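Notes follow the structure.
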Amino acid sequence: MEQMRPFPPTDLIDRAEEQEAILLAPAVDLKDWVIKNWLTIGGELHNPDHDHIAELIHDDENFLAFAWASSACVAKKRMVLGQCEKVMFNQGGWKKARQEQQMRDWFGAVPVYLITIDASYCENTTDREFCRLIEHELYHIGVERDADGEPIYSDNTGLPKHYLAGHDVEVFFGETKRWGADESVKRLIEIAKNAPFVSETNISACCGTCVIN
């Protein structure tokens, strides 16, 4: 049976426009959908690269949380449509207590990682671009690996060691144009020559917006 991809709350963007501010809201349904499709073996978009996240969520359901933001933010003069962050709080006075309270009010506990997604973008974008954005943010939750590429597990918890991962390729177009492709760009070019692993059938099965059109 086809699923409907999660959409942001209908009133979030309207209230944000009325208040002329960026508003945020928890996205519990989005987390459930991601777990079902990405982090569960047999899911339509299951990716073994993220199995370490599934292990961590199985041990602690509050390891990861999702939130909607009413609109994009701007960072380093670029529009940010999604952000994965390791949850950390400001110290001093009541700042930490206030921020922790907000997380508990939203999610019932303080998550280790929080992925925030631009609701206005997701309200109108295609299923493929929506899925690509979610996948991108999941990749920011990295797992430490040994020399053979195998995940490293903590001696204390028995769970994979994780970290906030940067992008695999971080170069400028002009840099590549002038100096050529470095090893990471060359690898990306080779990967791009192949057809994508995720098919339109997989996407339509878990994001079937065509059902309501």
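Every number here is computed from the coordinates shown, using simple stated rules; none is lab data. Note that the structure is predicted; figures quoted are calculated from it, not measured. Glycine gets a Cβ as well: all are built from the backbone with ideal geometry, and neighbour counts include every protein chain shown.
For the stretch 118-204, which trypsin sites (Lys or Arg not before Pro) are in a loop by DSSP, counting at most 12 other Cβ atoms within 10 Å? In loop regions of the stretch 118-204 (DSSP not H, G, I, E or B), the sparsely surrounded trypsin sites (Lys or Arg not before Pro) are Lys193.
Note on the chain: lysine pairs with Cα distance below 17 Å, sequence gap of 8 or more or different chains, count 4.
Length gained on full extension, Thr157 to Asn90: 21.4 nm, using 0.36 nm per residue less the C-alpha separation. Which of Glu200, Glu175, Glu18 moves the most in a Gaussian network model of the chain with Cα springs under 10 Å? Judging by the Gaussian network model, the answer is Glu175. Pull out a ≥ b ≥ c, the square roots of the eigenvalues of the alpha-carbon gyration tensor of the stretch 1-127, then state rounded if a/c is under 1.5, prolate if not and a/b is larger than b/c, and oblate in the remaining case. Oblate shape, in that a/c is at least 1.5 and b/c is the bigger or equal ratio.
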